[in-house]
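First up is the structure itself, then whatever we jot down about it.
The values are calculated or read from the model by the stated rules, or taken from the named source; none is laboratory data. Just so we're clear, the structure is a prediction, and the values are computed from it rather than from any experiment. Cβ coordinates were reconstructed from backbone atoms using ideal geometry, including for glycine residues, and neighbour counts include every protein chain displayed.
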Amino acid sequence: MTESSEDVCLSASWPVLRRHLVAILRGITPADAEAVGAALVEAGFEAIEVPLNSPQALVSIGRLARVMPGGVLVGAGTVLT
């Protein structure tokens, strides 16, 4: 079986998560995102997802991406198109 270029790009861009856990911050607001993200990282989470159907999700993602330490993956979930 050969890998497609899409498979190779995806596997190269995702870090190996030691705990295989992703925190999903459904319904989080930008006002709470940084504090909640910091607590999750302190608890050992390495990946944080903000569903796009959360209030001002892109603002929350931006704030998390700016303040999370290196090695923490921040991304969007519930992406429909």
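A few remarks follow.
- Positions within the range 1-42 being modelled with pLDDT of 95 or more and either farther than 28 Å from Gln56 by Cβ or of a type in the set (A, V, I, L, M) (or both), in sequence order: Ala23, Ile24, Leu25, Ile28, Ala31, Ala33, Ala35, Val36, Ala38, Ala39, Leu40, Val41
- Identity of the residue in the range 25-51, surrounded by fewer than 14 Cβ atoms within 10 Å (Cβ to Cβ) and among the hydrophobic types (A, V, I, L, M, F, W, C), that ends up nearest to Thr81 (Cα to Cα): Ala31
- Tally of residues being part of a helix (DSSP H, G or I), β-branched (Val, Ile, Thr) and touching a helix residue (DSSP H, G or I) at 6+ places or on another chain (Cβ under 6 Å) across the range 22-81: 2
- Subset of the range 33-50 (residues that are over 12 Å from Val22 (Cα atoms) and in contact (Cβ under 8 Å) with a residue 12 or more places away in the chain): Ala33, Glu34, Ala38
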